[in-house]
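The structure appears right after this line, and notes come after that.
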Amino acid sequence: MIKLLCENTLEDLTEIVIGSGEPKYRAKQLMSHVTAYDSFDEYTDVPKKFITILKQTFCDRALTEIKRVTSSDGAIRYLFETVNGDLIESVYLPHDYGNSVCVSCQVGCGMGCVFCASGHYGLKRDLTAGEILSQVLYIARDRKECGGIDKIVMMGSGEPLANYENTLKFIRLVNSEHGLNIGMRSISVSTCGLPHNIKRLADDGISCTLSLSLHAATAEKRKKIMRIAERFSLRELADAMRYYFDKTGRRVIIEYILIGEFNDTPSDVRALKELLNGLCCHVNLIPLNPTDHCDLKPPGRKKAYKFCEDLKSTGISASVRRSMGSDVAGACGQLKNRTVESAAETKNNRNL
Ligand code: SAH
């Protein structure tokens, strides 16, 4: 696998520069080009001879844009091709209070949640830290005129805590004061719930926002929609969230997809209250985004807001989340799936 220059810290770059007999200050020059997602041609303050040496080991850019779809609310969904030909998606979300990028961390996903388009074709491979970072760097460059990137959410395709080392490295790189310098409070990691790695994140000194994709508050219901619930109990998850809060002081976010006639009843409110009681958290209620391969439906708008009010009346902080970009191929993984499927259809038609 080709190495990406952006995967290096300033300390790594300093070693590379000194090892090639170049002055130390070149490391900072390289860092600023990498952060700007420049191609080697744009490293005009770096001697050509040294660029030739760099090219023997490193690649300047990880991604090629294949397609983009812009939503009426300003969200942009990008479809990228990696150097080895895999397709991944990222989303740019502009807000009055700052711009976010939602990144993918794997090609496909192995978690098998029934409602999720990313996992429909299973896991192909982990993305490297540089490939995850490149999604942010590319979009930051592309959207430079719009004020840069303030927030990162790891909510694209893949399970960040099943690609632990690359997730950790990515967070450290994007948080670095020499790079994009995005604060821990402005980075969210969303997980379907791997308790040992939630704890490990806190032990590794990461204090970003932790979002737990809970989606059901009883083991029986969770097992119906999320395969991970067969491996870890709700108690283990609750313990890990408490551990994370105790170590980092960060309120945990609970993601709860509202699925009509499934997890939107008064008994679900009671189960949530019981599970989350005493945990410092906020519940994001997200009406399900229907996908091409699954029959589940969201509840009506009124029912979603009623669920939210009922939950709040038990003393749990909750809100209904507006889903941006749903008119540009909805939930994560769908743009890629539709692109791959329509390419396959075209190919099949050609073969007829
Ligand atoms: N694997 C991680 C991150 C990727 S999914 C996780 O499970 O959290 C990012 C978020 O989108 C998760 O909360 C996931 O449950 C949610 N999601 C996936 N498919 C969805 C759909 N069809 N409608 C609404 N949210 C969805």
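The values are calculated or read from the model by the stated rules, or taken from the named source; none is laboratory data. What you see is a predicted model; the values in this text were computed from it and never measured. Neighbour counts are summed over all protein chains in view; Cβ atoms, including those assigned to glycine, are modelled from backbone coordinates with ideal geometry. We work out accessible area using only protein heavy atoms, side chains counted, and drop any ligands, DNA or RNA first. Shrake-Rupley method; radii C 1.70, N 1.55, O 1.52, S 1.80 Å.
Being within 16 Å of the ligand (Cβ to nearest atom) and not in a loop (DSSP other than H, G, I, E, B) is the filter here; which residues of the range 112-130 pass it?
LEU123, LYS124, ARG125, ASP126
Answer with yes or no whether LYS151 is within 16 Å of the ligand (Cβ to nearest atom) and touching a residue at least 12 places away in the same chain (Cβ under 8 Å).
On the way: within 16 Å of the ligand (Cβ to nearest atom): yes; touching a residue at least 12 places away in the same chain (Cβ under 8 Å): yes.
It is true that LYS151 is within 16 Å of the ligand (Cβ to nearest atom) and touching a residue at least 12 places away in the same chain (Cβ under 8 Å).
Does the range 313-330 contain any residue that is modelled with pLDDT under 55, aliphatic (A, V, I, L, M), within 22 Å of the chain's Cα centre (by Cα) and crowded, with 19+ Cβ neighbours inside 10 Å?
So far as the range 313-330 goes, yes, one or more of its residues are modelled with pLDDT under 55, aliphatic (A, V, I, L, M), within 22 Å of the chain's Cα centre (by Cα) and crowded, with 19+ Cβ neighbours inside 10 Å.
Can you give me the number of residues within the range 253-277 that are assigned to a loop (DSSP other than H, G, I, E, B) and under 28 Å from the mean Cα position of the chain (by Cα)?
Matching residues across the range 253-277 total 6.
Does TYR78 qualify as being modelled with pLDDT of 95 or more, surrounded by 18 or more Cβ atoms within 10 Å (Cβ to Cβ) and hydroxyl-bearing (Ser, Thr, Tyr)?
yes
Got a sec? Which strands (runs of 3 or more DSSP E) wholly within the range 136-223 have at least 1 residues that are open to solvent by 40 Å² or more (accessible area, probe 1.4 Å)?
In the range 136-223, the matching strands (runs of 3 or more DSSP E) lie at 151-154.
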